[in-house]
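First comes the structure, then the notes that go with it.
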Amino acid sequence: MENKVEAKDYQIADTNQKIIARNLVKDYELKERHGIFRPKTKKIIHAVKGVSLEIPRGKIIGLLGINGAGKTTTIRMLSSVIEPTSGTLEMDGIDAVKEHRRVKEQINVISGGERNLYWRLTAAENLEYFGSLYGISGDALKERMKKLLKTVDLEDAADTPVERYSKGMKQRLQIARGLINDPSYIFLDEPTLGLDIVIAKEIRDLIRHLAVKEKKGVLLTTHYISEAEELCDYIYIIDHGKIIARGTKEELQALFVYHEKKIDEDFSKPGREMESSSEADTKNCQPEMSSYTGKNKTKEQEIPLEDIIMYLVNEAKEEQK
(Lines give C-alpha, C1' and ligand atoms only; values in the text may rest on other atoms or scores of the structure.)
Protein backbone atom coordinates (compact mmCIF):
# COMPACT_ATOMS: atom_id res chain seq x y z
CA MET A 1 0.00 0.00 0.00
CA GLU A 2 1.39 3.40 -0.93
CA ASN A 3 0.85 5.81 1.94
CA LYS A 4 1.26 9.50 1.07
CA VAL A 5 1.07 10.49 4.72
CA GLU A 6 4.37 9.16 6.00
CA ALA A 7 4.77 8.19 9.64
CA LYS A 8 8.14 8.96 11.19
CA ASP A 9 10.18 6.10 12.60
CA TYR A 10 9.78 5.96 16.35
CA GLN A 11 13.12 6.89 17.93
CA ILE A 12 14.54 7.59 21.36
CA ALA A 13 17.75 9.37 22.35
CA ASP A 14 19.83 6.20 22.86
CA THR A 15 19.41 4.40 19.56
CA ASN A 16 20.88 1.17 20.96
CA GLN A 17 18.15 0.75 23.59
CA LYS A 18 15.57 -0.89 21.37
CA ILE A 19 14.63 -3.97 19.41
CA ILE A 20 15.02 -3.40 15.68
CA ALA A 21 13.49 -5.81 13.16
CA ARG A 22 14.18 -5.31 9.47
CA ASN A 23 12.41 -7.20 6.68
CA LEU A 24 11.54 -10.26 8.77
CA VAL A 25 10.24 -13.15 6.68
CA LYS A 26 8.89 -16.48 7.89
CA ASP A 27 8.03 -19.24 5.44
CA TYR A 28 6.70 -22.69 6.28
CA GLU A 29 6.97 -25.70 3.99
CA LEU A 30 3.97 -28.01 3.94
CA LYS A 31 3.82 -31.38 2.25
CA GLU A 32 0.43 -32.30 0.80
CA ARG A 33 -0.68 -35.65 -0.53
CA HIS A 34 -3.22 -35.67 -3.38
CA GLY A 35 -4.36 -39.26 -3.41
CA ILE A 36 -3.00 -42.49 -1.91
CA PHE A 37 -0.55 -43.40 -4.68
CA ARG A 38 0.55 -39.92 -5.67
CA PRO A 39 3.74 -38.39 -4.28
CA LYS A 40 3.50 -35.54 -1.81
CA THR A 41 3.83 -32.04 -3.19
CA LYS A 42 5.51 -29.16 -1.42
CA LYS A 43 3.63 -25.96 -0.64
CA ILE A 44 5.27 -22.84 0.78
CA ILE A 45 3.21 -20.79 3.25
CA HIS A 46 4.35 -17.17 3.56
CA ALA A 47 3.29 -16.37 7.13
CA VAL A 48 5.24 -13.11 7.52
CA LYS A 49 6.38 -11.07 4.53
CA GLY A 50 9.04 -8.47 5.24
CA VAL A 51 7.97 -7.01 8.59
CA SER A 52 10.04 -4.09 9.91
CA LEU A 53 9.40 -2.50 13.30
CA GLU A 54 11.08 -1.04 16.36
CA ILE A 55 10.40 -1.42 20.08
CA PRO A 56 12.17 1.29 22.13
CA ARG A 57 12.73 0.97 25.86
CA GLY A 58 10.12 2.81 27.91
CA LYS A 59 7.45 2.75 25.17
CA ILE A 60 4.36 0.65 24.41
CA ILE A 61 4.17 -0.43 20.78
CA GLY A 62 0.97 -1.87 19.35
CA LEU A 63 0.83 -4.63 16.74
CA LEU A 64 -2.78 -4.80 15.55
CA GLY A 65 -4.55 -6.89 12.96
CA ILE A 66 -7.30 -9.41 12.38
CA ASN A 67 -6.94 -13.12 13.20
CA GLY A 68 -4.41 -14.78 10.92
CA ALA A 69 -2.67 -11.51 10.07
CA GLY A 70 0.71 -12.72 11.32
CA LYS A 71 0.86 -11.20 14.82
CA THR A 72 1.71 -14.37 16.74
CA THR A 73 4.33 -15.52 14.22
CA THR A 74 5.94 -12.08 14.39
CA ILE A 75 6.05 -12.21 18.20
CA ARG A 76 7.56 -15.70 18.09
CA MET A 77 10.37 -14.38 15.89
CA LEU A 78 10.91 -11.26 17.99
CA SER A 79 11.10 -13.35 21.16
CA SER A 80 13.59 -15.80 19.56
CA VAL A 81 11.19 -18.74 19.84
CA ILE A 82 11.50 -19.38 16.09
CA GLU A 83 14.18 -18.27 13.65
CA PRO A 84 13.17 -16.01 10.77
CA THR A 85 13.62 -17.33 7.24
CA SER A 86 15.34 -14.06 6.36
CA GLY A 87 15.74 -10.54 7.67
CA THR A 88 17.65 -9.05 10.59
CA LEU A 89 16.77 -8.73 14.27
CA GLU A 90 18.74 -6.77 16.86
CA MET A 91 18.25 -6.11 20.57
CA ASP A 92 20.30 -3.30 22.10
CA GLY A 93 22.81 -3.67 19.27
CA ILE A 94 23.08 -7.47 19.66
CA ASP A 95 22.30 -9.82 16.77
CA ALA A 96 19.23 -11.56 18.22
CA VAL A 97 19.36 -14.40 15.68
CA LYS A 98 22.98 -15.42 16.29
CA GLU A 99 22.93 -14.58 20.03
CA HIS A 100 19.44 -15.91 20.73
CA ARG A 101 20.37 -17.52 24.05
CA ARG A 102 21.78 -14.26 25.35
CA VAL A 103 18.77 -12.33 24.09
CA LYS A 104 16.27 -14.68 25.77
CA GLU A 105 17.65 -13.63 29.15
CA GLN A 106 16.36 -10.09 28.52
CA ILE A 107 12.91 -10.83 27.08
CA ASN A 108 9.73 -12.61 28.11
CA VAL A 109 6.28 -13.33 26.69
CA ILE A 110 2.99 -12.91 28.55
CA SER A 111 -0.08 -14.43 26.93
CA GLY A 112 -3.75 -13.95 27.68
CA GLY A 113 -5.80 -16.87 28.91
CA GLU A 114 -4.74 -19.56 31.33
CA ARG A 115 -1.75 -21.16 29.61
CA ASN A 116 1.87 -21.36 30.80
CA LEU A 117 1.05 -22.00 34.45
CA TYR A 118 1.10 -25.20 36.50
CA TRP A 119 -2.30 -25.35 38.14
CA ARG A 120 -1.44 -27.89 40.82
CA LEU A 121 1.41 -25.72 42.09
CA THR A 122 0.97 -22.61 44.21
CA ALA A 123 1.82 -19.14 42.92
CA ALA A 124 5.07 -19.18 44.89
CA GLU A 125 6.01 -22.62 43.51
CA ASN A 126 5.27 -21.49 39.94
CA LEU A 127 7.51 -18.44 40.31
CA GLU A 128 10.24 -20.50 41.97
CA TYR A 129 10.19 -22.98 39.10
CA PHE A 130 10.23 -20.37 36.30
CA GLY A 131 12.90 -18.37 38.12
CA SER A 132 15.13 -21.43 38.29
CA LEU A 133 14.89 -21.77 34.50
CA TYR A 134 16.66 -18.41 34.26
CA GLY A 135 19.33 -19.45 36.74
CA ILE A 136 17.93 -17.36 39.61
CA SER A 137 18.16 -18.99 43.03
CA GLY A 138 18.59 -18.43 46.75
CA ASP A 139 17.89 -15.09 48.37
CA ALA A 140 17.82 -13.31 45.00
CA LEU A 141 14.93 -15.48 43.84
CA LYS A 142 13.04 -15.18 47.14
CA GLU A 143 13.34 -11.38 47.06
CA ARG A 144 12.22 -11.28 43.44
CA MET A 145 9.21 -13.51 44.15
CA LYS A 146 8.18 -11.39 47.13
CA LYS A 147 8.37 -8.18 45.08
CA LEU A 148 6.40 -9.61 42.15
CA LEU A 149 3.65 -11.13 44.30
CA LYS A 150 3.21 -7.71 45.89
CA THR A 151 3.21 -5.99 42.50
CA VAL A 152 0.38 -8.19 41.19
CA ASP A 153 -1.47 -8.20 44.54
CA LEU A 154 -1.18 -11.94 45.17
CA GLU A 155 0.75 -11.87 48.45
CA ASP A 156 -2.15 -13.34 50.43
CA ALA A 157 -2.68 -16.10 47.84
CA ALA A 158 0.98 -17.03 47.37
CA ASP A 159 0.53 -20.49 48.91
CA THR A 160 -2.82 -21.26 47.27
CA PRO A 161 -2.86 -23.76 44.36
CA VAL A 162 -3.40 -21.99 41.05
CA GLU A 163 -6.33 -24.29 40.21
CA ARG A 164 -8.30 -22.42 42.90
CA TYR A 165 -7.55 -19.01 41.39
CA SER A 166 -10.07 -16.88 39.52
CA LYS A 167 -9.33 -16.00 35.91
CA GLY A 168 -8.14 -12.53 36.90
CA MET A 169 -5.79 -13.94 39.55
CA LYS A 170 -4.32 -16.35 37.01
CA GLN A 171 -3.66 -13.51 34.60
CA ARG A 172 -1.95 -11.47 37.31
CA LEU A 173 0.23 -14.48 38.06
CA GLN A 174 0.98 -14.73 34.33
CA ILE A 175 2.39 -11.22 34.48
CA ALA A 176 4.48 -12.05 37.56
CA ARG A 177 5.81 -15.12 35.72
CA GLY A 178 6.71 -12.97 32.72
CA LEU A 179 8.64 -10.54 34.95
CA ILE A 180 10.55 -13.16 36.96
CA ASN A 181 13.74 -12.63 34.95
CA ASP A 182 13.37 -8.80 35.10
CA PRO A 183 13.24 -8.54 31.28
CA SER A 184 14.11 -5.40 29.37
CA TYR A 185 11.44 -6.22 26.77
CA ILE A 186 8.01 -7.79 27.23
CA PHE A 187 5.72 -9.21 24.54
CA LEU A 188 2.08 -9.08 25.61
CA ASP A 189 -0.21 -11.26 23.51
CA GLU A 190 -3.81 -10.25 24.37
CA PRO A 191 -3.08 -9.85 28.11
CA THR A 192 -6.63 -8.86 29.08
CA LEU A 193 -8.40 -11.57 27.09
CA GLY A 194 -11.67 -12.55 28.80
CA LEU A 195 -11.13 -10.43 31.91
CA ASP A 196 -13.81 -8.28 33.55
CA ILE A 197 -13.49 -4.51 33.29
CA VAL A 198 -12.05 -4.02 36.78
CA ILE A 199 -9.26 -6.59 36.41
CA ALA A 200 -8.59 -5.45 32.82
CA LYS A 201 -8.05 -1.87 34.04
CA GLU A 202 -5.65 -3.11 36.72
CA ILE A 203 -3.67 -4.99 34.07
CA ARG A 204 -3.56 -1.92 31.81
CA ASP A 205 -2.33 0.23 34.69
CA LEU A 206 0.40 -2.31 35.38
CA ILE A 207 1.44 -2.38 31.70
CA ARG A 208 1.70 1.41 31.71
CA HIS A 209 3.76 1.28 34.91
CA LEU A 210 6.19 -1.22 33.38
CA ALA A 211 6.84 1.05 30.41
CA VAL A 212 6.79 4.49 32.04
CA LYS A 213 8.32 3.77 35.45
CA GLU A 214 10.49 0.71 34.83
CA LYS A 215 11.46 1.70 31.27
CA LYS A 216 10.70 -1.66 29.73
CA GLY A 217 10.00 -1.97 26.03
CA VAL A 218 6.50 -3.39 25.53
CA LEU A 219 4.95 -4.91 22.41
CA LEU A 220 1.18 -5.28 22.78
CA THR A 221 -1.24 -7.24 20.62
CA THR A 222 -4.92 -6.95 21.42
CA HIS A 223 -8.34 -7.18 19.79
CA TYR A 224 -9.66 -4.57 22.23
CA ILE A 225 -9.12 -1.44 20.17
CA SER A 226 -9.89 0.92 23.05
CA GLU A 227 -7.04 -0.74 24.94
CA ALA A 228 -4.61 0.03 22.13
CA GLU A 229 -5.87 3.61 21.92
CA GLU A 230 -5.33 4.07 25.65
CA LEU A 231 -1.90 2.45 25.96
CA CYS A 232 0.06 2.56 22.71
CA ASP A 233 2.61 5.24 21.89
CA TYR A 234 3.02 3.90 18.35
CA ILE A 235 1.04 1.38 16.31
CA TYR A 236 1.80 -1.04 13.49
CA ILE A 237 -1.11 -2.53 11.54
CA ILE A 238 -0.40 -5.93 10.02
CA ASP A 239 -2.44 -7.83 7.43
CA HIS A 240 -1.57 -11.02 5.55
CA GLY A 241 1.94 -10.91 6.99
CA LYS A 242 2.70 -7.34 5.90
CA ILE A 243 2.77 -4.03 7.74
CA ILE A 244 0.17 -1.99 5.87
CA ALA A 245 0.32 1.15 8.03
CA ARG A 246 2.22 2.52 11.00
CA GLY A 247 2.31 5.64 13.12
CA THR A 248 0.93 7.31 16.19
CA LYS A 249 -2.82 7.41 16.56
CA GLU A 250 -2.81 10.96 15.15
CA GLU A 251 -0.68 9.92 12.15
CA LEU A 252 -3.01 7.01 11.40
CA GLN A 253 -5.96 9.40 11.54
CA ALA A 254 -4.19 11.68 9.06
CA LEU A 255 -3.58 8.71 6.79
CA PHE A 256 -7.25 7.76 7.02
CA VAL A 257 -8.34 11.31 6.14
CA TYR A 258 -5.94 11.43 3.20
CA HIS A 259 -7.28 8.22 1.66
CA GLU A 260 -10.89 9.26 2.25
CA LYS A 261 -10.30 12.57 0.47
CA LYS A 262 -8.55 10.75 -2.39
CA ILE A 263 -11.60 8.49 -2.83
CA ASP A 264 -13.89 11.55 -2.88
CA GLU A 265 -11.67 13.21 -5.51
CA ASP A 266 -11.53 10.09 -7.68
CA PHE A 267 -15.31 9.65 -7.64
CA SER A 268 -15.94 13.34 -8.34
CA LYS A 269 -13.92 13.31 -11.58
CA PRO A 270 -15.85 13.64 -14.88
CA GLY A 271 -17.04 10.30 -16.15
CA ARG A 272 -17.22 8.74 -12.70
CA GLU A 273 -20.78 9.78 -11.91
CA MET A 274 -22.12 6.45 -13.13
CA GLU A 275 -20.47 3.72 -11.08
CA SER A 276 -20.42 0.12 -12.12
CA SER A 277 -22.08 -2.28 -9.70
CA SER A 278 -18.67 -3.66 -8.61
CA GLU A 279 -17.35 -0.15 -7.88
CA ALA A 280 -20.45 0.69 -5.91
CA ASP A 281 -20.14 -2.52 -3.90
CA THR A 282 -16.49 -1.76 -3.14
CA LYS A 283 -17.29 1.74 -1.99
CA ASN A 284 -20.15 0.51 0.18
CA CYS A 285 -17.81 -1.97 1.89
CA GLN A 286 -15.72 0.87 3.34
CA PRO A 287 -16.45 2.20 6.85
CA GLU A 288 -18.60 5.30 7.05
CA MET A 289 -16.20 8.25 6.91
CA SER A 290 -18.21 11.32 5.98
CA SER A 291 -18.76 12.32 9.59
CA TYR A 292 -15.02 12.37 10.29
CA THR A 293 -13.64 14.40 7.39
CA GLY A 294 -14.13 17.41 5.23
CA LYS A 295 -16.16 20.39 6.46
CA ASN A 296 -17.94 18.33 9.11
CA LYS A 297 -14.74 17.38 10.97
CA THR A 298 -13.84 19.40 14.02
CA LYS A 299 -10.65 19.36 16.09
CA GLU A 300 -12.54 17.75 18.93
CA GLN A 301 -13.68 14.81 16.81
CA GLU A 302 -11.47 11.74 16.80
CA ILE A 303 -11.65 8.93 14.27
CA PRO A 304 -12.11 5.57 16.03
CA LEU A 305 -9.01 3.42 15.60
CA GLU A 306 -11.29 0.48 14.81
CA ASP A 307 -12.61 2.29 11.72
CA ILE A 308 -9.07 3.14 10.62
CA ILE A 309 -7.98 -0.51 10.83
CA MET A 310 -11.10 -1.74 9.00
CA TYR A 311 -10.58 0.78 6.24
CA LEU A 312 -6.88 0.01 5.76
CA VAL A 313 -7.45 -3.76 5.76
CA ASN A 314 -10.27 -3.43 3.21
CA GLU A 315 -8.10 -1.20 1.05
CA ALA A 316 -5.25 -3.74 1.19
CA LYS A 317 -7.67 -6.47 0.06
CA GLU A 318 -8.78 -4.37 -2.89
CA GLU A 319 -5.17 -3.80 -3.94
CA GLN A 320 -4.49 -7.54 -3.88
CA LYS A 321 -7.32 -8.27 -6.34
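The values are calculated or read from the model by the stated rules, or taken from the named source; none is laboratory data. In this text, all values refer to a predicted model and were calculated from it rather than measured experimentally. What goes into the accessible areas is simple: the full protein's heavy atoms, side chains included, and nothing from ligands, DNA or RNA. Shrake-Rupley method; radii C 1.70, N 1.55, O 1.52, S 1.80 Å.
Residues in region 49-165 average 53 Å² of solvent-accessible surface per residue, probe 1.4 Å, ligands and nucleic acids excluded. F130 sits with roughly 30 Å² accessible to a 1.4 Å probe, with DNA, RNA and ligands left out of the calculation. Annotation for region 216-249 versus region 57-74: alpha-carbon center distance of 6 Å.
Would you please classify the overall shape of region 59-212 from the alpha carbon gyration tensor, given that a ≥ b ≥ c denote the square roots of the eigenvalues, rounded means a/c under 1.5, and beyond that prolate means a/b larger than b/c while oblate covers the rest?
Judged from the Cα gyration tensor, region 59-212 comes out oblate (a/c at least 1.5, b/c at or above a/b).
Nonpolar atom fraction for region 100-222, defined as the carbon and sulfur part of the 1.4 Å probe accessible area, stands at 48 percent. Calculation over all alpha carbon pairs of region 100-181 in 10 angstrom steps from 0 returns a P(r) of 19, 55, 24, 2 percent. Would you pull out the residues with amide H under 5 Å of V109's amide H, same chain only if 5 or more places away, H placed 1.01 Å from N? Result for V109 returns F187.
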